1. Suppose you put the label 7 Å out from Cα in the Cβ direction; list, shortest first and in nm with one decimal, how far A:Gln2 is from each other copy's label.
2. Given the alpha-carbon gyration tensor of chain A, what are the semi-axes of its equivalent ellipsoid in whole angstrom, ordered largest first, with each equal to the square root of 5 times an eigenvalue?
3. Taking a quarter of the surface of the convex hull around the Cα atoms of segment B:212-331, what do you get in nm²?
4. For segment A:240-304, what's the radius of gyration and Dmax over Cα atoms, in angstrom?
5. Taking the label point 7 Å from Cα in the Cβ direction, how far apart in nm is B:Ala160 from each other copy of itself, listed shortest first?
6. Kindly write out, for segment B:225-231 in residue order, the coupling ³J(HN,Hα) from the Karplus curve 6.51 cos²θ - 1.76 cosθ + 1.60 (θ = phi - 60°), rounded to whole Hz, with x marking Gly and Pro.
7. More than 17 Å apart: what percent of Cα pairs in segment A:32-149 qualify?
8. Over the whole of B:289-295, what's the average partner chain Cβ count within 10 Å per residue? Rounded to a whole number, please.
There are 2 protein chains.
Amino acid sequence: MQELTVIGAGVIGLSCAWRAARAGWRVTVLDPAPASGSSWVAGGMLAPVTEAWPGEEQLLDLGVESLRRWPGFAADLGPCGLRTEGTVVAATGAGDRAELDAVAAHLSRLGRDVERLSGRELRRLEPAIGPDVRGGLSVPGDLAVDNRELLAALRRAAAASGVGFVARAVQAVVDDGQRVSGVLVDGVVRPATTVLVTAGAHSGSLHPVLDGLVRPVKGEILRLAHRPGAFPPPRRTVRALVDGRPVYVVPRDAGGLVVGATQTETGFDTEVTVGGVRDLLRDAERVLPGIAEYALREAAAGLRPGTPDNRPLIGAPGPAGLLVATGHGRNGMLLAPLTADAVLGLLRGEPGPVDADPTRFQGVTA
Amino acid sequence: MQELTVIGAGVIGLSCAWRAARAGWRVTVLDPAPASGSSWVAGGMLAPVTEAWPGEEQLLDLGVESLRRWPGFAADLGPCGLRTEGTVVAATGAGDRAELDAVAAHLSRLGRDVERLSGRELRRLEPAIGPDVRGGLSVPGDLAVDNRELLAALRRAAAASGVGFVARAVQAVVDDGQRVSGVLVDGVVRPATTVLVTAGAHSGSLHPVLDGLVRPVKGEILRLAHRPGAFPPPRRTVRALVDGRPVYVVPRDAGGLVVGATQTETGFDTEVTVGGVRDLLRDAERVLPGIAEYALREAAAGLRPGTPDNRPLIGAPGPAGLLVATGHGRNGMLLAPLTADAVLGLLRGEPGPVDADPTRFQGVTA
């Protein structure tokens, strides 16, 4: 039985560990605080189409392919908070509507299924949407998942498949220039032959091959809860452009809403700021005025693992035995099934079926 | 040695318990969660003048008298986070300035020390004040205290004076129609001969004589923290009127700020709402724009104990052995020294030196 050491218990690390254990690997996951990082803070959108930006067609293809695998992944995993109500996108001002028109045209050219709606049509779908919204899109194929329910399900499934958890931080992957020999934990090398780096924004410092390839992109979110007497929450994910700023509201069970997300590059900083919360509240209320009466239960910040081209880094880039699956940016939940499949392929020595070009690992550091 | 049972370990209960124990009483304080209620959430202003509203002259006199006793109270207590930098009041729009003019004129007629300032003069005192502020007042005599440091100091002082703490909730004060016989705890009567009700907003249900006299008035606050690179915080308490809404910002040590406070009457509800946080952030940023870069560390709500005439209820209103010190509204921290003195007087059988007219206890229920 071959041994796999996984560094990082976010959605990517847990998904890969679970699938590898089921495929017969003896898996140990090292993380000082499993499921507490950016996966814990995430909105949980499984939304490749409404996340698509012109110029990121490869990422869109990856997302669409991973979303195709999501129902099977969820069926395998058991209850994990998957929501299939779909997504709407709302635009407020004239500039926002123009930008949405451009996105819709771009998606149509790519053959993606989006429907233009008037403000009235949007409100017929989601009565919580307010009068400042003048138009938008319906994208029924873009889904969502309760990130915390998913993390709990993955931890249970991983443990049930025999994955071992060690609550320690890894400082570095150690190799002899040819192949991996271990991981450094509290200054002591713990032997390992196959190591998978899934440490999100913290991946960059774990091995020289990742140096400069992954940077933290801070995102602040709010968690709201419906209160008796307040307007009912939307059923679909509601994304919006408000005076040029993107905002999203993802429903949870029992009237919960996750509002996100700011995007700032301030290093390893997870403090929630006044300006971030002010923007999220203002923009979300503009789209869904009824949330004024909701409870504000939590404000939190996470660090997305950003890459130079916004695509994830999945591959076997350096010494033998070193695997990497990180840099998923805003799309960790979405890309988990595809990433786990790709890592399984790498463990079997197959060329990855996905965008796992190992030359990208050299592209930036060179 | 006579025995005193105190119901409620907020600032009033702790102050009275400490002083009574020092005066020779054997004191037991019952509270399921000491120092966790509205005293924990409070802004900590000791500000009778800038809290004054026309028609509340008696409350102003009480506050001024209690503030006069504060330095001695603090010296007795030891370090408790008293801040003596004073208070400024800022006005934004024309309506706000007119209202501030009226308040200043009212205070001048009462002989209180307030100084009118232009926006520029205010900014000279507190450079953090932004350009939307067009004028205001300086009230150097209105002070502040770190509510949490004060609570910690009171708990230490009370314990050092021999006060016993029992972490249980009292359901009612029990009497035989003539005099108090005990307090009801988990359905069992715990014998007591002298009982002091200092349960804040929860006081109303503890004895029929308080029925309808104390109601919860919810207040939401935010706690901010300065971040490196952000504009330095003000040194004084900054109060403001922003489009008619009052807001205050009270400095803490090490760059902390408490922003408060909303005022809503929704029963025993301590949930923080989206609308409340939005208002506090918007109004505080309008006055102190630099806080946009501060960390938002905490949002919380407390329940002020409101009375029909906004004055506290301090007295011996019913059966022998029943004492009451509650209904301090927004002014619990400010009125603690005066209240503790008044309760000591009541324990000695003296007529209270303060506004403790026992007929007010009957005034509303009759």
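Since every read-out is calculated from the coordinates, none of them should be taken as a lab result. Note that the structure is a prediction, hence the values are computed from the model and not measured. Every residue, glycine among them, receives a Cβ derived from its backbone with ideal geometry; neighbour counts consider all protein chains shown.
1. 8.3
2. One finds semi-axes of 36, 21, 19 Å for chain A.
3. 9.1
4. 12.1, 35
5. 5.7
6. Once θ is set to phi - 60°, the couplings for segment B:225-231 become 9, 4, 10, x, x, 6, 4 Hz.
7. So the portion of pairs separated by more than 17 Å is 62 percent.
8. Whole-number average of other-chain Cβ neighbours for B:289-295 is 4.
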